[in-house]
Amino acid sequence: MRIDLHTHSNRSDGTDTPTELVENAAARGLDVLAITDHDSTVGWDEADEAASRVGVRLLHGIEISTELDGQSVHLLGYEFDPADADLLAELQRVLDGRDNRLPRVLSRLQGLGIDITEADVERWSGNAAASGRPHVADALIELGVVVDRTEAFDRYLKPGRPAYVDRYAAPLRDAVRLLVAAGGRAVVAHPWSRGSDRVVTAELLAELQGLGLRGIEVDHNDHDAAARAALRGIAADLDLVVTGSSDYHGTGKTDFDLGCNTTAPEQLERLLAP
């Protein structure tokens, strides 16, 4: 059984529609797929219809933008109540933060002599729950400023670059509590990527486990062999679930193909246990 628990559609910053995401997962031989768009569940219904048609088991998920001590940490959640009022309110704060940041990002780009407008970005954000930096990157590609998202982030959009603007992210501990209260299973996504190893320690994971954390995403392309081995050891010490996944974004992220990392069936069973 092939299981991929971290994928994105164009309802956040992927390039596949939810239908295409599920169809592509089936074509890649996946048996179980989780749709985990950033801070939103708007793709679930369409993905459900496609999964029923092609015979893929679909898990309902999300990837929540959180922070701890100024460091971005992403939190995956599975099979929670999407109508939970407290969780919805926090997710809306995060989405509003994305949208409210956009004019400031564009102002900085315009200050650099780049003729880019909100309309340019909205052509790419489409049905997404909010406009984010990847959509700005896509607009920059269309305008001929950069060749791909990687160049857009490296030159303009990532922290420390001239068009980067910070935004609201949910406090990590609060996000774990909210997910658990909504009936969800919380997993720290790629815990040692992009500098998050600075704050995601074994001690923190033990603390989060006390708040209801179920697991950590160990097998991810941002983790080298040494990081995977160390994280697997921490998971064993704490009896946390170990997941693996692609973090697929369609053409928006190269070398993160569906099923490039997978989760063992027994780990999925542990993750979803009551």
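The values are calculated or read from the model by the stated rules, or taken from the named source; none is laboratory data. Remember, it's a predicted structure, so these values are computed and weren't measured experimentally. All Cβ positions, glycine included, derive from the backbone under ideal geometry; neighbour counts span all protein chains shown.
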Single residue of the range 180-218 satisfying the filter (in contact with a helix residue (DSSP H, G or I) (Cβ under 6 Å, 6 or more places away or on another chain) and among the charged types (D, E, K, R)) that is surrounded by the most Cβ atoms within 10 Å (Cβ to Cβ): Arg214
Enumeration of residues in the range 14-27 that are out of contact with any Asp or Glu (no Cβ under 8 Å at 6 or more places or on another chain) and either in a loop (DSSP other than H, G, I, E, B) or surrounded by 19 or more Cβ atoms within 10 Å (Cβ to Cβ) (or both): Thr15, Asp16, Leu21, Val22
Please determine whether any residue of the range 222-229 is more than 30 Å from Asp148 (Cα to Cα) and of a type in the set (Lys, Arg). no
With respect to Asp222, determine if the residue is in contact with a Ser or Thr (Cβ under 7 Å, 6 or more places away or on another chain), under 28 Å from Arg101 (Cβ atoms) and in the same structural domain as Phe80 (by TED's automatic domain parsing). yes
Against the condition more than 20 Å from the chain's Cα centre (by Cα) and β-branched (Val, Ile, Thr), how does Ile216 come out, does it pass? no
From the option list Asp96, Asp16, Asp31, Asp39, single residue qualifying as in contact (Cβ under 8 Å) with a residue 24 or more places away in the chain, among the acidic types (Asp, Glu) and at positive phi is Asp39
The lone exception for Leu75 - which of (1) free of Cβ contacts under 8 Å to residues at least 60 places away in the same chain; (2) assigned by TED's automatic domain parsing to the domain that holds Gly183 it fails: (1)
Check Ala137 against each of (1) over 27 Å from Thr254 (Cα atoms); (2) among the small types (Gly, Ala, Ser); (3) not assigned by TED's automatic domain parsing to the domain that holds Gln209 and name the one condition it does not meet. (1)
Looking across the range 28-53 at residues that are outside any loop (DSSP other than H, G, I, E, B) and under 13 Å from the mean Cα position of the chain (by Cα), the single one that is surrounded by the fewest Cβ atoms within 10 Å (Cβ to Cβ) is His38
Among the numbered conditions (1) of a type in the set (Gly, Ala, Ser); (2) closer than 20 Å to Glu207 by Cα; (3) not assigned by TED's automatic domain parsing to the domain that holds Leu178, tell me where Gly97 comes up short. (2)
